[in-house]
Each structure stands twice: as structure tokens, then as C-alpha cells.
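Chemist: Let me begin by handing over the structure; questions about it come next.
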Amino acid sequence: MRAVTERLFASITAAVLFAGCSGGDTSAPAPTPTPTPTTRTVTVSTAGAGSGTVASSPVAISCPGACSATLSASSVVTLTATPNASSTFASWSGACSGSSVTCVVAAGSNAVSATATFDLNSSLLTVVLAGTGTGTVTSAPAGITCGTDCTELYVSGTQVTLTASPASSSTFAGWAGGGCTGTGSCVVSMTQAASVTATFTLQSRLLTVAVTGTGTGTVTSAPAGITCGADCTENYAAGTVVTLSAASAVGSAFTGWSGGGCSGTSSCVVTMTAATTVSATFTLQTNTLSVVRAGTGSGSVTSTPACITCGADCSEPYNFGTAVTLTAAADASSSFTGWSGACSGTGACVVTMNAAATVTATFDLASIRWPDSGTRFCSDLVNSIACPGGPAGQDGAYTINVPAYEVIGGRVRDPVSGLIWQRIAPLTSITFAGAQTYCDDLVLDGFTDWRLPTHLELVSITDFGTAGAFTASAFPSIPSNSFFWTTAERGAATTQVVGINTNYPVSRALSKTVSTDYLARCVRGTTFAGALTLSGASVTDARTKLVWQSSVSPTDLSWTGALSYCEALVLDGQSDWRLPNGKELMSILDVSLTSPTISPVFTARPAAKFWSSSPIATFPTLGYVINFDTGLTDDIGTDFTSLRSARCVRGG
């Protein structure tokens, strides 16, 4: 400023001196040159959507505010653009150019202007589509339409609202990222770059498989999911094409599909546009069971499940895998001797019908044998113990011809003797004549040939092994301490018959005419018959197949002595002799005779009391003794130390 003043003062002084010169040149003065400007004006402006400031160096401009200044023309001016936080410096125009935030304006005399352009900051928003389904995402403000356009730059601070629209077969499952969750609109504040994921899930459709029919099998699917039997339902994405395949189990056949638009027996293809149920039907194969009856005797065969009743119906188809139980029942004059074909033995025949089968049941004319006594314990002379135990040779140590009583309707068949018994006897007492009439008139299970049993027949089903005769499971509801009638008359006393007690297998003489009444159980079948034959020192009983010592022990013996005597006996070249059990000893009583009550075929016939090998069930210090004087049991039991006779037996 001082230099400017000095130059102005010099100009004024020169002019004054020039004007005061009277002798000088009077011609017009030479033109004065236009002075060069010594200052200039610098103007700044801002532009663009953003904002910021421009300052100068030397300090003169701070725009906005002071956006123009007059500066020395010789000065170099530096302009600096500073964007605000929400903006970015973009570029200069005018006296400046480029994108550097500083601009240098060289010295000069001309006025200059420069414009600084500021843009608002922007951030990139990215949308990602995920999941098994499909759909679109749009934005407000506009910019994103994802599927096709999934990214957009938005000015910093812009609130962008994203909206998801699932396709018809899909469901919008939710947002992730950008601070968004749930399934509503997603609002993103664009303070920085953001990525938002929109998940679409294909809608699912439930496929249900039902296995029907009499057979079995499995159904599987492709794609995997169903293995029916075990897993018969599965959710599949809408539109999935599912192929179902059926496989029948052994013994079954796949007979076809129904539902889901499927039929026939090939694969079932279902397009899962809606919940669908498909049924697969399996049918059991059938196999025929045939029964053939053979042999010299007669009888019937029945089945469980019911169908076969042979005699009348001897062949029947059964579903594959059915377990059919065949039961043989011999007629009265016959015995069932066994199965052949699909079964063997004489018990129940069980045939599993995995293939056609034929079973032969053989019935022969009855071969009567004498049944086991039923005793399954031994005595050590004090207590009942397990067999073998105690003295050798006692009843429980031998099991010969053990009955396996067969319950058939209201009947019980003894496979050893071949006899068929009324299972449940009336509990009302009856006279002897009434008992005979009752059995003669009885019609049971269609049979009319019932009769009152002989003494020998009734003895055959006694049980010496329990305190109560007969076998409880086969013959239920037996009252204790009761006698049953038989047809066996005692000797010449035709007014008496032998009765058998139910509490213990003991016999008693019963009067036909007494007022006291007894019970009746009826029987049918071939009775014990045949002759006693003496051969050497032995007597063979054709009725029971037992072989007896014709003589007796040389002296009376205790129970243990009698057991030892028979165990050691060698007779007719045979060494398998034993002391007979109570039931065996009763079988050679001939109650039609009087003292002694035994056939004269025997060479020794003392009217004496004889030991059996059977201890008393509830009194293991006592044994059964049979009196061959009276033909009856000797009370209930005899002390083992008592001396009695012994007659040995073998076979059976």
C-alpha cells in the first residue's frame, strides 16, 4: 500500500512541475500510457449436491461467507476445498481444474473465478438371493430389482426400504444382514456399504404312502425320504417329481397303486403340486395244505386256524407264512401212531405255509400200553427229594409210557392207552344204576358210544404222584376225597363193585345198593383186553405189555429190601427187573376172584400184601401196598420198615 502511495505522489509532483514551465514546448504532450493494474479480483463459488468450504492463502477468501477478494496482482493465491462430512470434493472448474483439493492461481492482473464442486457421499447396497426357493427384492427409493439388478449406490444417509416378493411356489423365509431380520420390509440406513440376504424357501408338499392288503412289502422313493414300512410320509419341495417303487416281501405280491394319479404295478411318478396320498396294495400268496389219512385204524385231523376237518375237508389254501396246527384224534378202536411228510412224531403238527405242503396222519388199530404212574419225586425215607435220589429202583426214577393227555373239545385222549375220557365229570353224586344209564345215554362232542369204565380203565388215569388222583390240567374240577364208580364186580359178591378214590389212588368196595352215592366219569374206546401167558419164569400181560415175575420174593422184605431185591433180580436171562409202581401192581389184580385176587397163571399166588415202588405223595415215609387178599389198596400207606412181599416186573 505504501508503494502505491509513493507512486501516486511522484505523478502529482511531475504534473505540477510540467504545468509551471512557461518556456517549454507548447505543442501537445505525448499520450500518457494506460497504467498496468496492480490488483485483481479473485472470486470463488461452490457447486454440486454436496457441501464444503473454500479458503485462500493468503487469507482473504473463506467461502461460503467471503467468496470474493481483491488481491495484489503479483500475488500467487492458493485455494483449498474442504468437503463437509457428508460430502466429497469432486473437482474444480473455472480458473482451477482437476480433482485435487488445492488449486494454485498464478499471479496476474485479470480477475479470476473458480468453482469447487462437492458431491454427497454414497454407499453401495448389495442384495443377495438365497435358499431353495425363488423371488424378487425391490427397493424404495428405486434402484434395486433383484433378480436382475441386485446392487445400487445410495447417497449417504438415505433410508432404503427393501421389499421381498416370493414366487408362487416359494415362501419368503426372512432377511439377514443390514440389521434386518424377520419377514417384513427391510429398512437400511445407508451410512456405509451394506449387504442384505433375502432367503426364499420352496414350499413343501406332504407325500403319504399307505401300505394296504393282506400281504407285506416296502415302498421307497427317489428322491430319498420314504421307506414305507418304517417311514411313510415325507415333505417335498413343491414341484418335485417323486418316483415311488414297490417291493413285495417273500410270500406276497404287489398288486398295484391307487391315488396320486398312479395305477398298475410299475413305478408311480408323482409331481408334488399338492399334498398327495398314494396306496400300495400287497396281497399274500396262498399255499395249499393237504392232509392224508393212512394206516389200519381210523381217526380225524383238525386244524387251527379252523378250515381242515379231515374226514370231510382234507385240503385248504392258507396265506403264506400262516402257522397251521394240525391235531389228530384217533377213533375209539384206533390209536394215532404219527405224522409223516411236513411233520413227524405224535404231538401237534405245526406247518408254516411258506409252500404247498402235504401231511400224512397214520392211525393204526389201538396198541394199548399201560401208562406211567405220574410220580416224579423220590424219597430218602424221610423227605421227598429230586430223582434220582434215595434208594435205587423207586417209582420216580422210572418214566415209562408217560401220558401226554390231549384235550379235544370236551374229551381227553390218553395216547398211551388209546382211551378217550369225558373231561369234566358231573359233580352231582349218582347211584350205580344211574351212573351206568348216564354214560350209556351221554352224547358228547357228537359221540354216543360212552360207557362206565372198568376198574382197570379207571386205574389207568390215576396219578400216584399227587395228593389227588388224575391230572388236574386235563381233568379239572375234581372234588377231593370222592369215589368214582367202575363196572368191576368183586368176586361172587355181585352187589359190590370196586371204586377209585380221587384224593389218593386207592380202591374201595362200593355197594351197588347202598344209599351213599358216588360220582361217574365216562369213557369210550377199546378196553384193555388180552391173555396172561406164562413163559419160563415170567408172565406176559397182553393187556398192558408188562412182563411179570411169576414167583415172589422168598421172604417178606422192607421197602428198601424189596427195591434192592428186584433191582438185583436176573430171571429168564433178563436183568432189567424192577419193583412195580402202584399203578402197575394194581393192573394184575383180578377183582372177579376172591382171596387171592390174582390169575392162576402166576405160579405163586399168596393172598398177601405186596410192596409197590411208589411212595405216598405227601407222606414220604410211607409207601403204597396192594392187598392181594381183598384186591384193594391196603389203607393209604405203609411204613417203609414194614415187611411185605415183592413181585418184580419189567418192560412196558
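The values are calculated or read from the model by the stated rules, or taken from the named source; none is laboratory data. Remember, predicted model here, so these are calculated numbers, not experimental data. A quick note on method: Cβ atoms are made from the backbone with ideal geometry, for glycine too, and the neighbour counts reach across all protein chains shown. The protein model used for the area step is the full one, side chains on, heavy atoms only, and it has no ligands, DNA or RNA in it. Shrake-Rupley method; radii C 1.70, N 1.55, O 1.52, S 1.80 Å.
Chemist: Within the group Ile420, Ile430, which residue is under 12 Å from Gly525 (Cβ atoms) and aliphatic (A, V, I, L, M)?
Modeler: Among Ile420, Ile430, only Ile420 is under 12 Å from Gly525 (Cβ atoms) and aliphatic (A, V, I, L, M).
Chemist: May I pose another question? For the condition free of Cβ contacts under 8 Å to residues at least 60 places away in the same chain and of a type in the set (A, V, I, L, M), what is the one hit in Val160, Val196, Val219?
Modeler: Val160
Chemist: Restricting to the range 280-324, name every residue that is over 36 Å from the mean Cα position of the chain (by Cα), in a strand (DSSP E or B) and either within 16 Å of Ile408 (Cα to Cα) or free of Cβ contacts under 8 Å to residues at least 60 places away in the same chain (or both).
Modeler: Selection gives Gly299, Ser300, Cys310, Asp313.
Chemist: If you scan the range 568-579, which residues turn out to be of a type outside the set (D, E, K, R), in contact with a Lys or Arg (Cβ under 7 Å, 6 or more places away or on another chain) and within 30 Å of Tyr504 (Cα to Cα)?
Modeler: Result: Trp577, single match.
Chemist: Name every residue in the range 104-133 that is aliphatic (A, V, I, L, M), part of a loop (DSSP other than H, G, I, E, B) and within 25 Å of Gly52 (Cβ to Cβ), in order of residue number.
Modeler: Ala106, Ala111, listed by residue number.
Chemist: From the list Ala604, Ala617, pick out the single residue that is over 28 Å from Gly465 (Cα atoms), among the small types (Gly, Ala, Ser), in contact with a Ser or Thr (Cβ under 8 Å, 6 or more places away or on another chain) and touching a residue at least 40 places away in the same chain (Cβ under 8 Å).
Modeler: Exactly one of Ala604, Ala617 is over 28 Å from Gly465 (Cα atoms), among the small types (Gly, Ala, Ser), in contact with a Ser or Thr (Cβ under 8 Å, 6 or more places away or on another chain) and touching a residue at least 40 places away in the same chain (Cβ under 8 Å), namely Ala604.
Chemist: If Phe610 satisfies all but one of (1) touching a residue at least 24 places away in the same chain (Cβ under 8 Å); (2) part of a strand (DSSP E or B); (3) within 60 Å of the chain's Cα centre (by Cα), what's the number of the condition it fails?
Modeler: (3)
Chemist: Being modelled with pLDDT of 95 or more, buried (at least 20 other Cβ atoms within 10 Å of the Cβ) and in contact with a strand residue (DSSP E or B) (Cβ under 9 Å, 6 or more places away or on another chain) is the requirement here; does Val601 meet it?
Modeler: Criteria not met by Val601.
Chemist: Continuing with this model, one more query. Given the options Gly410, Gly396, Gly345, Gly374, name the one that is open to solvent by less than 50 Å² (accessible area, probe 1.4 Å), under 27 Å from Arg650 (Cα atoms), without any contact (Cβ under 8 Å) to a residue 60 or more places away in the chain and not β-branched (Val, Ile, Thr).
Modeler: Gly345
Chemist: Separate question: With (1) under 28 Å from the mean Cα position of the chain (by Cα); (2) crowded, with 18+ Cβ neighbours inside 10 Å as the list, and Thr243 as the residue in question, which single condition is left unmet?
Modeler: (2)
Chemist: Just one of (1) at pLDDT below 95; (2) in a strand (DSSP E or B); (3) under 30 Å from Met272 (Cβ atoms) trips up Thr138, so point out which.
Modeler: Condition (1) is where Thr138 drops out.
Chemist: Does the range 43-51 contain any residue that is in a loop (DSSP other than H, G, I, E, B), closer than 30 Å to Ser189 by Cβ, modelled with pLDDT under 90 and open to solvent by 60 Å² or more (accessible area, probe 1.4 Å)?
Modeler: Yes: one or more hits.
Chemist: Scan (1) within 38 Å of the chain's Cα centre (by Cα); (2) within 16 Å of Ala404 (Cβ to Cβ); (3) crowded, with 17+ Cβ neighbours inside 10 Å for the single condition Ala330 breaks and write down its number.
Modeler: (1)
For every residue, the table says whether it meets (1) of a type outside the set (Gly, Ala, Ser); (2) touching an Asp or Glu at 6+ places or on another chain (Cβ under 9 Å).
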position: Val412; (1), (2): yes, yes
position: Ser417; (1), (2): no, yes
position: Tyr438; (1), (2): yes, no
position: Thr448; (1), (2): yes, yes
position: Phe475; (1), (2): yes, no
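Chemist: For the range 126-146, give me each residue that is under 14 Å from Thr199 (Cα atoms) and surrounded by fewer than 16 Cβ atoms within 10 Å (Cβ to Cβ).
Modeler: Correct list: Val128, Ala130, Thr132, Thr134.
Chemist: Please specify each residue of the range 547-557 satisfying the condition of being surrounded by fewer than 21 Cβ atoms within 10 Å (Cβ to Cβ) and more than 16 Å from Pro600 (Cα to Cα).
Modeler: Those that are surrounded by fewer than 21 Cβ atoms within 10 Å (Cβ to Cβ) and more than 16 Å from Pro600 (Cα to Cα): Pro554, Thr555, Asp556, Leu557.
Chemist: Taking the condition of being open to solvent by less than 60 Å² (accessible area, probe 1.4 Å) and of a type outside the set (A, V, I, L, M), how many residues in the range 249-274 meet it?
Modeler: The total comes to 11.
Chemist: Specify which of the listed residues (Ser170, Ser165) is buried (at least 18 other Cβ atoms within 10 Å of the Cβ), within 52 Å of the chain's Cα centre (by Cα) and touching a residue at least 24 places away in the same chain (Cβ under 8 Å).
Modeler: Sole residue among the options that is buried (at least 18 other Cβ atoms within 10 Å of the Cβ), within 52 Å of the chain's Cα centre (by Cα) and touching a residue at least 24 places away in the same chain (Cβ under 8 Å): Ser170.
Chemist: Would you call Ala194 out of contact with any Asp or Glu (no Cβ under 7 Å at 6 or more places or on another chain), modelled with pLDDT of 90 or more, open to solvent by less than 40 Å² (accessible area, probe 1.4 Å) and under 30 Å from Ala85 (Cβ atoms)?
Modeler: Against the criterion (out of contact with any Asp or Glu (no Cβ under 7 Å at 6 or more places or on another chain), modelled with pLDDT of 90 or more, open to solvent by less than 40 Å² (accessible area, probe 1.4 Å) and under 30 Å from Ala85 (Cβ atoms)), Ala194 qualifies.
Chemist: Okay, moving on. Return the only residue of Ser109, Ser93, Ser123, Ser113 being touching a residue at least 12 places away in the same chain (Cβ under 8 Å), open to solvent by less than 40 Å² (accessible area, probe 1.4 Å) and either polar (S, T, N, Q) or more than 24 Å from Thr197 (Cα to Cα) (or both).
Modeler: Ser123
Chemist: Still on this structure, I have one more. Which strands (runs of 3 or more DSSP E) sit wholly inside the range 452-563 and have at least 2 residues that are in contact with a Cys (Cβ under 8 Å, 6 or more places away or on another chain)?
Modeler: The strands (runs of 3 or more DSSP E) meeting that bar are 546-549.
Chemist: Return yes when Val104 is farther than 30 Å from Val196 by Cα, exposed (fewer than 15 other Cβ atoms within 10 Å of the Cβ) and in contact (Cβ under 8 Å) with a residue 24 or more places away in the chain and no when it is not.
Modeler: Yes: the conditions hold for Val104.
Chemist: Please state which of the following conditions Gly573 fails to meet, knowing it meets all the rest: (1) of a type outside the set (Ser, Thr, Tyr); (2) on the phi > 0 side of the Ramachandran plot; (3) in contact with a Ser or Thr (Cβ under 9 Å, 6 or more places away or on another chain).
Modeler: Gly573 satisfies every listed condition except (3).
Chemist: I would also like to ask the following. Can you tell me which residue is nearest to Ser56 (Cα to Cα) among those in the range 68-83 that are open to solvent by less than 60 Å² (accessible area, probe 1.4 Å) and not in a strand (DSSP E or B)?
Modeler: Ser75
Chemist: Anything in the range 84-103 that is part of a strand (DSSP E or B) and not polar (S, T, N, Q)? List them, or say none.
Modeler: Listed by number, the residues that qualify are Phe89, Ala90, Trp92, Gly94, Cys103.
Chemist: While we're here: Would it be correct to say that Ser189 is farther than 30 Å from Ala140 by Cβ, of a type in the set (S, T, N, Q), in contact with a strand residue (DSSP E or B) (Cβ under 9 Å, 6 or more places away or on another chain) and open to solvent by 40 Å² or more (accessible area, probe 1.4 Å)?
Modeler: The answer is no for Ser189.
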